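Encoded as structure tokens, the structure appears first; notes follow it.
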Amino acid sequence: MSLGLGLTKILPVLIYLGGITVIFLTIFYRIEIGIFLLVPLLPQQLLLDRMLVFPMGKDFMDLLLIAIIIKWLLNKNKKDLAFFLKTSFNWPILLLIIWTYLELWRGSFYLGISLPISIRDPRFVIWKNFIVMPIIYLMVLNNIKETKYIKILIILMTLSILAMGLHFRSNFAGTDTSHFRNDMRLVGTFTYLSPNAVGVFFAQYAMMLLGLSLFDNHKYRKILYLVTVGFSLYAVVFIFSRGAYSAVLITWLFIGLIKERKLLVLLVFFILTWKSILPNAVIERVEMTKGDTSVQERFSLWKSAKKLIESNPVIGTGYATLSFLHIRDEITGKTRKSLHSGYLEVASELGIIGLALFVYLYILGFQAGFGLYKKAEDPFIRGLGFGLMACVVAALAGNLAGSYWHYINVSGFYWVTLALVVRSLQSLKEQPETVQESKNELQVSYELPLDRYYLDQLYNDFLEVNNLNEAKLIIISPDKESRKELIDVLTNACYSEKPVKNDPFDSIEFGKIVTWKSKNINI
């Protein structure tokens, strides 16, 4: 299968050679560079597969991830800051990693196979690929701090989704849609995953970008979002995944109820006319639900899941064990490696405890998105929060009749977006409260140590005060020990952009209050 757009041979070489450069730039210059390459490649399995022929091509993403982690460690040691930002997600994520690893061992005992102590153990590899997602979440959360970098990352993810949509369109174009056939279903760039996984991927992020587009006022970003949504929905329609159809319709209803009532009108119109506007192949696929053997097969698998859960309700059978249990559906007698329900699969393997952790993390994600949507003033940031809410709804709906949330190809972008939302929400909480004391006085409270975010905020406050005649900026410092750092940061803030003609410090009172008086400095 080609990549389309004439890039089949060129793009893998460019990414590989560029990636080598990016690894060095990440370690020795800026960590954001590595993140900007790593993230958009997460769902591009076909592209990564074409890099396997290059030296260490199979380890390309791992090497890039290691380079980012090295730079992360170097940055934290240099600035003497905490390695992890404290958020409500830290403990649940740590518990999820620990629980899944314990369940990895539990699975070995349950199956009576060798313990997962080798990095080449197939079950250990599956576990490693899963925990890469929370690791990437922590990596993005703690290193992408500024809004401009958040916007860049969202644009890069959108372009990646758009490329996948264009790839699907180029491969599906010309297909006869007069009647449904199973060989019409494409896997797109996922190569080893099912068409249903591709459908849920496009459903999740089409709805996320649709939600974001309702808020972001930037003309060209909005156009990019909507074009990507269009190609994504095209893929959803012709991937013939009923789970993806359900995810889109449920999330569309959610967006219409919460934000845009016009979408409800479109939804009603679609429900009344879908048989008239959709190709016959899609109509046949939907109507097959009533008597399709695949539906009966899933019911049979869900019965098997019920038995597994009843026999091991608390701790399950162990992580990544289902493919070893040789479960057969009663309809075809075929051996199945999946139970075709994310909830039942997690409950079967990880027990009720594991399922509770999974669902709780998604609930926390929805709450984080809602909090940002309600509290942020920046339209883009508000849209980011709302987009995450839509993505969570689509993910929860899409995993009802399939199990996709443990695949990095499908859920990688969700974890990245979650990190961006939590980071933005944390920045709102840390943002200093500025109170206009009088016409010519501002009082601002800052938390130390002052990082880049506060330095920028200080500089903006200085500009605002400088516009006032003989204004003064009162900065509340927590303790005397912080005064040297405070002076350094104030100096950096004043001189970081352009030189000033006069010293901005009229007087500094050490202790809990530092007075900074402007002298109408020309900047």
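Read the figures in this text as sums done on the coordinates, not as results from a lab. Only a predicted model underlies this, so the values are computations on that prediction, with no experimental measurement involved. Cβ sites come from the backbone with ideal geometry, for glycine too, and all protein chains shown count toward neighbours.
Taking all C-alpha pairs of the range 86-428, those more than 31 Å from each other amount to 35 percent. Amide H contacts of ARG328 (H built 1.01 Å from N, in plane; Pro and chain starts excluded): ARG336 sit under 5 Å, all sequence-distant by 5 or more or on other chains. Compared with the alpha-carbon gap, the fully stretched path from ILE352 to TRP274 is longer by 24.2 nm at 0.36 nm per residue. Remark: spin-label model distance ASP59-THR175 equals 3.8 nm, labels positioned 7 Å along the Cα→Cβ axis. Per-residue packing, averaged as other Cβ atoms within 10 Å, sorts the ranges 29-37, 168-176 into the order 29-37, 168-176, beginning with the highest.
Here the Karplus relation 6.51 cos²θ - 1.76 cosθ + 1.60, evaluated at θ = phi - 60°, turns the backbone of the range 93-102 into coupling constants of 5, 4, 5, 5, 5, 5, 5, 5, 5, 4 Hz, with x for every Gly and Pro. In order along the range 117-126, the Karplus-derived 3J(HN,Hα) couplings, from 6.51 cos²θ - 1.76 cosθ + 1.60 at θ = phi - 60°, round to 9, 9, 5, 9, 4, x, 6, 5, 4, 4 Hz, and Gly and Pro are given as x.
Each residue of the range 410-417 is assigned a 3J(HN,Hα), and the resulting list reads 8, 9, x, 5, 4, 5, 5, 4 Hz, derived from the Karplus form 6.51 cos²θ - 1.76 cosθ + 1.60 (θ = phi - 60°), x at Gly and Pro.
According to the calculation over all Cα-Cα pairs in the range 364-429, the P(r) per 10 Å bin from zero is 23, 50, 22, 5 %. Sorted from longest to shortest, the spans of the Cα atoms of the range 1-83 along the three principal axes equal 49, 21, 17 Å. Packing, as the average of other Cβ atoms within 10 Å across residues, places the peptides 295-303, 98-106 in the order 98-106, 295-303, highest first. Over 19 Å apart at the Cα level, from the set LYS148/LYS222; LYS151/LYS262; LYS86/LYS148; LYS58/LYS145; LYS148/LYS259, are LYS151/LYS262; LYS86/LYS148; LYS58/LYS145; LYS148/LYS259.
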